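Following: one structure in structure tokens, then a few remarks.
The values are calculated or read from the model by the stated rules, or taken from the named source; none is laboratory data. Remember, it's a predicted structure, so these values are computed and weren't measured experimentally. Here the Cβ positions follow ideal geometry from the backbone for every residue, glycine too, while neighbour counts run over all protein chains shown. Keep in mind that these areas ignore ligands, DNA and RNA; they rest on the heavy atoms of the full protein, side chains included. Shrake-Rupley method; radii C 1.70, N 1.55, O 1.52, S 1.80 Å.
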Amino acid sequence: PMAYLRRMRIQQMARLLCSTDLSIAEVARAVGWTDTKYASRCFHTTYGVSPTEFRRRHPTPPFDG
């Protein structure tokens, strides 16, 4: 169950990084982690890049409003 929860949190982090301009700490808290460094390590283990690098490679789409 914990591995599943971790995977869901990491996937949600990726979605938030691509769709919002929240800070990494805010994204980590939004998915349920209070320790930003731990969240970043888990993210890096899964995606092979830091959350910051992931966001740089996947920029937020422009708002059509």
Q | Net dipole in debye of the chain [+1 Lys, Arg Cβ; -1 Asp, Glu Cβ; about Cα centre; nearest 20] | A | 280
Q. For the chain, what is the mean residue ellipticity at 222 nm derived from helices alone (per DSSP H run of n ≥ 4: -39500 (n - 2.57); sum divided by total residues; nearest 500 deg cm²/dmol)?
A. -20500 deg cm²/dmol
**Q.** Per residue, in Å², the accessible surface of the chain once ligands and nucleic acids are set aside, probe 1.4 Å
**A.** 70
Q) Looking at the square roots a ≥ b ≥ c of the eigenvalues of the Cα gyration tensor of the stretch 10-65, which shape do they give, rounded for a/c under 1.5, prolate if a/b is larger than b/c, or oblate? A) oblate
Q: Using θ = phi - 60° and the Karplus relation 6.51 cos²θ - 1.76 cosθ + 1.60, list the HN-Hα couplings for the stretch 39-50 in order, rounded to whole Hz, with x at every Gly or Pro.
A: 4, 5, 5, 4, 4, 4, 4, 7, 9, x, 9, 6
Q) On full extension of the chain, what length is gained from ARG15 through THR60, given 0.36 nm per residue of separation minus the C-alpha to C-alpha distance? A) 15.2 nm
Q) How long is the gain from ARG41 to TYR4 if the chain were fully straight, where each residue apart is worth 0.36 nm and the alpha carbon distance is subtracted? A) 11.7 nm
**Q.** Simple spin-label estimate for VAL49 and THR34 in nanometres, 7 Å along Cα-Cβ
**A.** 3.1
**Q.** Per-residue HN-Hα couplings for the stretch 2-8 [Karplus 6.51, -1.76, 1.60; θ = phi - 60°; Hz; x = Gly/Pro]
**A.** 5, 5, 5, 4, 4, 4, 5
